[in-house]
Amino acid sequence: QKEVEQNSGPLSVPEGAIASLNCTYSDRVSQSFFWYRQYSGKSPELIMSIYSNGDKEDGRFTAQLNKASQYVSLLIRDSQPSDSATYLCAVDTGRRALTFGSGTRLQVQP
Amino acid sequence: EAGVVQSPRYKIIEKKQPVAFWCNPISGHNTLYWYRQNLGQGPELLIRYENEEAVDDSQLPKDRFSAERLKGVDSTLKIQPAELGDSAVYLCASSLDLAGGTDTQYFGPGTRLTVL
């Protein structure tokens, strides 16, 4: 079992819709969780970090964390074509380095 | 503020040749990471430095890979000799890690290595 699992997609949503991206992790001691966006041919860019159970909102983005279920998600409201990218879920299991999932490719259709 | 700088951006070499990548982190960042990203995968940690000390190199293939961060600032990652399977994007990241927590990691643009 991979430490951080994501559906590879592609996840296709129409412009203006809510995109929901999901991630599960295996190590229960994980403390810090991150969502990175990566455009094709570019490096990962941090979108959100979350450390406590519940929701964290930043503009059109909401990260949700459920440590009991070992589940973290990212919601993108009012999706735009410019949101089309690969979204990487990353977990810090205490090594002070990140373990990444393989990413979910999001396509927002105009 | 300048971001993480990496060079070269692209490198094409033949197998068995040596190659080196250079990274200059964000000014003041004490922690530097080298990751490798294969096509369609997330980045995988190769080595982490806190200042000039390599504190996590468990995933670094030490038979052919080496790294250094002599003055605790910029860093070099070397592969000698390169193999076909080393073709990937090599990403450098840096962070300002305060006691008890992991700060945001900022990634450089990466070096895309192609081994022929």
With only Lys, Arg, Asp and Glu charged, each at its Cβ (+1 for the first two, -1 for the last two), find how big the charge dipole of the protein assembly as shown is about the Cα centre; round to the nearest 20 debye.
520 debye
Excluding residues on the same chain fewer than 8 positions from residue B:71, give the lysines whose Cα lies under 23 Å from its Cα.
B:62
Per-residue HN-Hα couplings for region B:10-23 [Karplus 6.51, -1.76, 1.60; θ = phi - 60°; Hz; x = Gly/Pro]
9, 8, 10, 9, 8, 4, 6, 7, x, 8, 9, 10, 10, 9
Per residue and in cubic angstrom, what volume does the convex hull of the Cα atoms of chain A have?
94 Å³
What span do the alpha-carbon atoms of region B:1-71 cover on each of the three principal axes, reported in whole Å from largest to smallest?
36, 27, 26
How crowded by other chains is A:98-110, given as the mean number of beta carbons from other chains within 10 Å of each beta carbon?
3
So which lysines pass the test for residue A:56, namely a Cα distance under 19 Å, with those fewer than 8 places away in the same chain ruled out?
A:67
If you average the alpha carbon positions of region A:49-110 and of region B:1-45, how far apart do those two centres end up, in angstrom?
24 Å
Spatial extent of region B:44-100: Rg and Dmax, with the Cα atoms as the point set, Å
12.3, 40
Gain in span if fully extended, residue B:63 to residue B:114, counting 0.36 nm per residue against the direct Cα distance
16.4 nm
Roughly how crowded by other chains is peptide A:44-51, in terms of the mean Cβ count from those chains within 10 Å of each of its Cβ atoms?
3
Mind listing P(r) for region A:21-72? All alpha-carbon pairs, 10 Å bins, whole percents.
23, 52, 23, 2
Taking each residue in B:33-44, count the Cβ atoms of any other chain within 10 Å of its Cβ, then average. What number comes out?
5
Full-extension gain in nm, residue A:39 to residue A:75, via 0.36 nm per residue minus C-alpha separation
11.2 nm
Once the piece of chain linking residue B:103 and residue B:15 is laid out straight, how much longer is it, given 0.36 nm per residue of separation minus the C-alpha distance between them?
28.0 nm
Please grab the % of Cα pairs in the protein assembly as shown that end up more than 23 Å from each other.
48 percent
Which FRET efficiency value, to the nearest 0.05, is calculated for residue B:50 and residue A:53 with the Förster distance at 22 angstrom and r the Cβ-Cβ distance?
0.15
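Each reported figure results from applying straightforward, stated rules to the coordinates on display, with no laboratory input. Quick caveat, the model's predicted, so the values are computed rather than measured. Quick reminder, even Gly has a Cβ in these numbers, built from the backbone with ideal geometry, and neighbours come from all protein chains shown.
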